[in-house]
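The values are calculated or read from the model by the stated rules, or taken from the named source; none is laboratory data. This is a predicted model, so every value here is computed, not measured. For neighbour counting, all protein chains shown are included, and Cβ atoms are generated from backbone atoms with ideal geometry for every residue, glycine included.
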Amino acid sequence: MQTQQFGAVIDAVLGARRQEPGRRLAPSSDDRGGPEMTRLRTALIAARAARARRRDDREIARALATAPTLESAHEIAALAARR
């Protein structure tokens, strides 16, 4: 009995939220576009990760080029090799 009442309250609240103008609910798993959107999302994530790796590589190269001593350049190269 309590579960049915709780379910009715939830339905009433969600129904009221859907009727409010200008308010958007998060899309349900059925509304996310299926496998096409999953592949697109995966491709975007991979592209962002690759861009971040390239950015890190450029920063390391810049640090190596501006290292004040050969020893500090060696330390930077050693740190870069461990990442």
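Conditions (1) exposed (fewer than 10 other Cβ atoms within 10 Å of the Cβ); (2) at pLDDT below 65, marked per residue:
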position: Ala16; (1), (2): yes, yes
position: Glu20; (1), (2): yes, yes
position: Ala26; (1), (2): yes, yes
position: Ala47; (1), (2): no, no
position: Ala81; (1), (2): yes, no
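Scanning the stretch 32-57 for residues that are farther than 30 Å from Ile76 by Cβ and either assigned to a helix (DSSP H, G or I) or in contact with a Leu (Cβ under 7 Å, 6 or more places away or on another chain) (or both) returns Gly34, Pro35, Glu36, Met37, Thr38, Arg39, Leu40, Arg41, Thr42, Ala43, Leu44. Does Leu40 qualify as being out of contact with any Cys (no Cβ under 6 Å at 6 or more places or on another chain), surrounded by 10 or more Cβ atoms within 10 Å (Cβ to Cβ), farther than 30 Å from Arg82 by Cβ and at pLDDT below 60? No, not satisfied.
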